[in-house]
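Here's the structure we're looking at; comments come further down.
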Amino acid sequence: MTAELTQTGAEILLRALKDQGVEVIFGYPGGAVLPIYDALFNQNAIRHVLVRQEGGAVHAAEGYARSTGKVGVVLVTSGPGATNAVTGLCDALMDSIPVICLTGQVPTHLIGNDAFQEADTTGITRPATKHNYLVKRSEDLARVVHEAFYVARSGRPGPVVIDLPKDILINKAPYEEAATQHRSYRPRTEPDPVEISRAVALLKSAKRPMIYAGGGVINSGPAAAAALTKFARMTGFPITNTLMGLGCYPASDPQFLGMLGMHGTYEANLAMHGCDVLLNVGARFDDRVTGRLNAFSQGSRKIHVDIDSSSINKNVPVEVPIVADAGKALEALLTEWTANRAPVDSQAQGAWWRQIDQWRAKDSLKFVQDMKPGSIIKPQYAIQRLYEITKAMGKEIFITTEVGQHQMWAAQYFKFELPNRWMTSGGLGTMGYGLPAAMGVQVAHPDALVIDIAGEASILMNIQEMGTLSQYRLPVKAFILNNQYMGMVRQWQELLHGGRYSESYSAALPDFVKLADAFHAKGLRAETVDQLDDVIHAMLACPTAVIADIAVDPKENCFPMIPSGAAHNEMILGPEHEASDAAVSDQGLALV
Amino acid sequence: MPSPTDTTQRSATISVLVDNESGVLARVIGLFSGRGYNIDSLTVAPVDAEGRLSRINVVTTGTDMVIEQIKAQLDRLVPVHRVSDLSLEGPHVAREMALVKVVGVGEKRVEALRIADTFRARVVDTTVESFVFELTGASDKLDAFIELMRELGLAEVSRTGIAALARGKRTI
Ligand SMILES: Cc1ncc(C[n+]2csc(CCOP(=O)(O)OP(=O)(O)O)c2C)c(N)n1
Ligand SMILES: [Mg+2]
């Protein structure tokens with residue numbers, strides 16, 4: 001006991017992190033956390049990656065977490081260190097990403113005194129986290145850390161803040177091992193067998209079935225994605241993925257209808273609209289997916305699997321609610337499907353597939369690329385080539401994105417066969433996410449190919465992380481679709497605001513090639529279609545970080561599109577549709 | 001399955017058993033304000049011998065879909081042990097206390113005292129020109145008393161919000 005008392009709070013903290021399996025921390029020092037940096041200096045078990053801004057640290061931890069399934073860890077100082085982390089925390093909360101954020105705090109006796117670099121961090125981050133703690137005694141530190149990891153990764157995962165007053169880090173206390181059970185937080189993971197058999201009975205009766213799978217499948221782990229694939233193949237049902245769910249079902253599979261929602265495929269959205277039984281696994285009927293709620297999949301009876309009971313019946317009422325881990329629910333559905341001898345209506349389902357194939361034949365993702373040398377590059381083509389060329393390399397590939405048109409094109413044209421390979425800011429839509437997220441992915445997978453598909457505006461929001469990439473020799477590739485516009489803003493202004501392009505032009509852009517050079521990385525540029533492949537090959541061959549500045553058509557819009565407030569069957573398919581079909585109501589205009 | 005088109009509002013009395021730790025009340029209140037739910041009344045106090053658990057009683061109004069959401073949102077807060085919708089789960093008793101100050105002289109003062117007597121309100125403070133009444137009961141009884149006092153020199157009201165329990169053997 002007395003021997004144990006020789007540990008300072010900072011040492012206890014690191015020991016608890018190590019016991020939780022932490023290998024790397026993304027952080028930035030400051031006065032309040034110096035005791036932790038001191039303790040880090042004296043050990044080798046945990047690696048520290050020094051970011052260039054705390055916002056980058058949280059996105060890096062998100063990228064790390066999403067590509068590994070582990071909890072990402074962030075360390076920042078008090079006051080501005082903590083406030084800089086808030087966007088990343090909100091991002092992780094919206095996308096259900098397990099992150100622990102350790103924030104420094106002024107010593108306990110100064111809390112509430114407006115001390116230097118004091119911020120009410122637990123107050124500020126309460127609605128930005130799944131849970132947060134202010135540690136008031138060094139004796140509580142180890143227990144709080146263990147509990148925080150449990151909370152971050154259990155149930156619906158999310159970010160957890162631990163606020164650490166400086167004296168707590170200096171005072172000595174005994175170490176405590178992780179407790180086996182939490183006092184109050186024990187989320188349900190096993191499905192109710194009654195609901196499972198109701199679900200299967202309903203699925204067996206389907207004439208026009210549809211599976212809609214989201215990020216919950218990915219959060220549950222690779223076994224859930226495998227179970228989903230097995231279930232879809234066993235039933236023969238068509239399947240779509242949300243933006244968050246891409247990779248949880250192999251994109252090359254003929255049963256896959258592509259992504260659904262605002263920029264989803266024609267076939268996915270019309271199948272959602274027309275199905276009679278809908279199985280939602282790990283998605284949350286988000287407004288980007290449903291379009292106008294009172295027109296959303298009106299004719300279907302719905303089953304919803306979600307680990308968070310508050311997601312069920314929030315936007316869309318469902319007949320069969322299943323509160324469970326997606327993987328466990330899918331295993332139970334598989335077993336019950338085999339046990340239930342009821343016949344399926346294969347004739348009706350055959351007709352349903354013929355209908356779907358007709359929708360598919362519209363080829364809603366088609367685009368025209370002029371291949372004449374000197375022609376302007378279509379952004380869709382740039383991603384398609386990036387996909388084809390990287391696929392041929394056979395390397396393990398991870399893609400992150402920023403936010404905007406390029407993000408949607410990446411979701412549409414890059415095909416994912418496996419989970420945890422695609423990281424994008426879905427819920428919060430945070431510009432500046434992609435570069436630091438890619439950094440976190442590359443730290444976790446040093447030998448993999450990690451590409452940030454970026455917009456020229458977004459990437460500037462966390463461009464400082466190029467410094468981190470170069471310091472740690474992280475060979476992340478930033479592939480910028482440079483349309484010289486905040487393209488997604490420009491698109492909305494064109495379609496909804498009479499072409500008044502207010503403040504959406506990316507003026508005074510940096511020379512990205514020189515910028516890369518200044519950060520000791522490689523800069524490349526493609527101006528015309530004939531240069532594209534060479535630039536992609538050069539980028540992939542480069543052993544260091546790269547910024548590839550791809551000049552693309554500034555006027556291109558992202559289609560298909562369901563305008564805000566419209567229904568799934570009121571989709572705009574392409575520019576030729578814009579004038580006649582734009583079903584934007586005044587109410588829709590008020591939506592985001 | 002609750003219907004999103006059903007706009008009928010109902011009042012719900014929800015009891016929540018939580019860890020008695022700093023920030024827990026802020027979490028509950030923040031959830032209501034952040035998601036735009038109503039709080040009609042709210043009480044909180046520790047309820048076990050060691051002072052480790054507190055009970056929060058919230059009275060709220062909303063559609064069935066909203067009230068189901070409120071319960072699910074409360075339930076997923078980490079320090080929450082139990083959530084119970086007393087108004088749905090069977091009969092319950094709900095009581096509230098009010099302190100009511102009435103200022104006046106003469107006939108109105110006599111009348112106030114007489115009404116207080118029929119409501120079984122106690123006089124807990126008196127001066128020659130004021131009373132403070134203490135009244136316990138269901139919220140609507142308190143409402144009725146306060147309404148009557150308006151004519152008779154009502155000066156100030158302080159109410160506790162409700163404490164509530166299920167009737168019979170059932171516990172949260
Ligand atoms: C932090 C932040 N600020 C503002 C927005 C709103 N927004 C969404 S997309 C976008 C434009 C993005 O431009 P760019 O990165 O060039 O991508 P593009 O749409 O041109 O592909 C903006 C400003 C946002 N999503 N995030
Ligand atoms: Mg752009």
* Starting from region A:478-498, take each residue that is hydroxyl-bearing (Ser, Thr, Tyr) and list its partners that are more than 8 Å from ligand 1 (Cβ to nearest atom) and not in a helix (DSSP H, G or I), counting only C-beta distances under 8 angstrom and pairs at least six apart or across chains. => A:Tyr485/A:Tyr501; A:Tyr485/A:Tyr505; A:Tyr485/A:Pro554
* **Failed condition for A:Leu40, given (1) within 23 Å of A:Gly155 (Cβ to Cβ); (2) not in a loop (DSSP other than H, G, I, E, B)** => (1)
* Yes or no: A:Glu417 within 25 Å of A:Ala224 (Cα to Cα) and surrounded by fewer than 20 Cβ atoms within 10 Å (Cβ to Cβ)? -> yes
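Please report, ordered by residue number, the helices (runs of 4 or more DSSP H) entirely within region A:110-171 with at least 2 residues that are within 13 Å of chain B (Cβ to nearest Cβ), hydrophobic (A, V, I, L, M, F, W, C) and buried (at least 24 other Cβ atoms within 10 Å of the Cβ). Lay out the reasoning, then the answer.
Values: elements: A:121-125, A:138-153, A:166-170.
Correct list: A:138-153.
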* Asked: Just checking, which of A:Pro543, A:Pro510, A:Pro563 is modelled with pLDDT of 95 or more and either more than 16 Å from ligand 2 (Cβ to nearest atom) or under 29 Å from A:Glu396 (Cβ atoms) (or both)?
  -> A:Pro543
* Select from region A:270-291 the residues that are assigned to a helix (DSSP H, G or I) and within 20 Å of A:Arg360 (Cβ to Cβ) and list them in ascending order. => A:Leu270, A:Ala271, A:Met272, A:His273, A:Gly274, A:Val289
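If you check A:Gly487 against the conditions, is it within 16 Å of ligand 1 (Cβ to nearest atom), away from every other protein chain (no Cβ under 14 Å), modelled with pLDDT of 95 or more and touching a Cys at 6+ places or on another chain (Cβ under 8 Å)? Step through it out loud before you land on a result.
Working: within 16 Å of ligand 1 (Cβ to nearest atom): yes; away from every other protein chain (no Cβ under 14 Å): yes; modelled with pLDDT of 95 or more: yes; touching a Cys at 6+ places or on another chain (Cβ under 8 Å): yes.
So A:Gly487 fits the description; yes.
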* Asked: Taking the condition touching a strand residue (DSSP E or B) at 6+ places or on another chain (Cβ under 9 Å), within 15 Å of ligand 1 (Cβ to nearest atom) and under 30 Å from A:Gly327 (Cβ atoms), does A:Gly426 pass?
  -> no
* **Among the residues listed as A:His146, A:His131, the single one being closer than 27 Å to A:Leu428 by Cα and of a type outside the set (Lys, Arg)** => A:His131
* Out of A:Ile46, A:Ile12, A:Ile36, A:Ile25, which single residue is in contact with a His (Cβ under 6 Å, 6 or more places away or on another chain) and touching a residue at least 24 places away in the same chain (Cβ under 8 Å)? -> A:Ile25
* Collect the residues in region A:36-52 that are crowded, with 21+ Cβ neighbours inside 10 Å and of a type outside the set (A, V, I, L, M), keeping them in residue-number order. => none
* Which pairs have Cβ atoms under 6 Å, sit 6 or more apart or on different chains, and link a residue in region A:401-429 that is under 14 Å from A:Lys391 (Cα atoms) to one that is within 16 Å of ligand 2 (Cβ to nearest atom) and assigned to a helix (DSSP H, G or I)? -> A:Tyr413/A:Gln380; A:Tyr413/A:Ile383; A:Phe414/A:Ile383
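Out of the residues in region B:55-68 that are more than 12 Å from every other protein chain (Cβ to nearest Cβ) and not aliphatic (A, V, I, L, M), state the one that is surrounded by the fewest Cβ atoms within 10 Å (Cβ to Cβ). Talk me through it step by step, then tell me what you get.
Within region B:55-68, the first condition is being more than 12 Å from every other protein chain (Cβ to nearest Cβ), and the residues that meet it are B:55-62.
From what's left, not aliphatic (A, V, I, L, M): B:55, B:57, B:60-62.
Numbers: B:Arg55: 22, B:Asn57: 22, B:Thr60: 21, B:Thr61: 14, B:Gly62: 18.
Looking at residues that are more than 12 Å from every other protein chain (Cβ to nearest Cβ) and not aliphatic (A, V, I, L, M), I get B:Thr61.
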* Asked: Any chance region A:229-238 includes a residue that's crowded, with 23+ Cβ neighbours inside 10 Å and closer than 30 Å to A:Lys18 by Cα?
  -> no
* A:Val320, sole failed condition from (1) more than 20 Å from the chain's Cα centre (by Cα); (2) over 30 Å from A:Gln491 (Cβ atoms); (3) touching a residue at least 40 places away in the same chain (Cβ under 8 Å); (4) away from every other protein chain (no Cβ under 14 Å) -> (4)
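Name the single residue that is nearest to the other protein chains (Cβ to nearest Cβ) among those in region A:292-317 being part of a loop (DSSP other than H, G, I, E, B), among the polar types (S, T, N, Q) and farther than 23 Å from A:Glu190 by Cα.
Narrowing region A:292-317 to residues part of a loop (DSSP other than H, G, I, E, B): A:292, A:296-300, A:307-308, A:312-317.
This time we only want the ones that are among the polar types (S, T, N, Q), so: A:297-298, A:300, A:313, A:315.
If we keep only those that are farther than 23 Å from A:Glu190 by Cα as well, we get A:297-298, A:300, A:315.
Details: A:Ser297: 13, A:Gln298: 12, A:Ser300: 13, A:Asn315: 8 Å.
Looking at residues that are part of a loop (DSSP other than H, G, I, E, B), among the polar types (S, T, N, Q) and farther than 23 Å from A:Glu190 by Cα, I get A:Asn315.
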* To do: Would you be able to say whether some residue in region A:225-238 is of a type in the set (Ser, Thr, Tyr), part of a helix (DSSP H, G or I), within 24 Å of A:Glu331 (Cβ to Cβ) and away from chain B (no Cβ under 14 Å)?
  => yes
* To do: For region B:1-45, name all the residues that are under 22 Å from B:Ala163 (Cα atoms), part of a loop (DSSP other than H, G, I, E, B) and facing chain A (nearest Cβ under 10 Å).
  => B:Glu21, B:Ser22, B:Gly23
* **Pair list, Cβ under 7 Å, 6 or more apart: region A:554-572 residue touching a residue at least 40 places away in the same chain (Cβ under 8 Å), other residue within 16 Å of ligand 1 (Cβ to nearest atom) and among the basic types (Lys, Arg)** => A:Glu556/A:Lys378
* Wholly enclosed helices (runs of 4 or more DSSP H) of region A:364-471 bearing at least 3 residues more than 16 Å from ligand 2 (Cβ to nearest atom) and at positive phi -> none
* To do: All but one of (1) touching a residue at least 12 places away in the same chain (Cβ under 8 Å); (2) closer than 28 Å to A:Val144 by Cβ; (3) more than 21 Å from the chain's Cα centre (by Cα) hold for B:Pro4, so report the exception by its number.
  => (2)
* Asked: Which residues, taken from region A:286-296, are surrounded by fewer than 24 Cβ atoms within 10 Å (Cβ to Cβ) and touching a residue at least 24 places away in the same chain (Cβ under 8 Å)?
  -> A:Asp286, A:Asp287, A:Arg288, A:Thr290, A:Arg292, A:Ala295, A:Phe296
* To do: Determine which single condition B:Ile67 fails, assuming it passes every other condition in (1) at pLDDT below 95; (2) outside any loop (DSSP other than H, G, I, E, B).
  => (1)
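The values are calculated or read from the model by the stated rules, or taken from the named source; none is laboratory data. Here the structure is a predicted model, which means the values were calculated and not measured. When we count neighbours, we look across all protein chains shown, and the Cβ atoms used for this are built from the backbone with ideal geometry, even at glycine.
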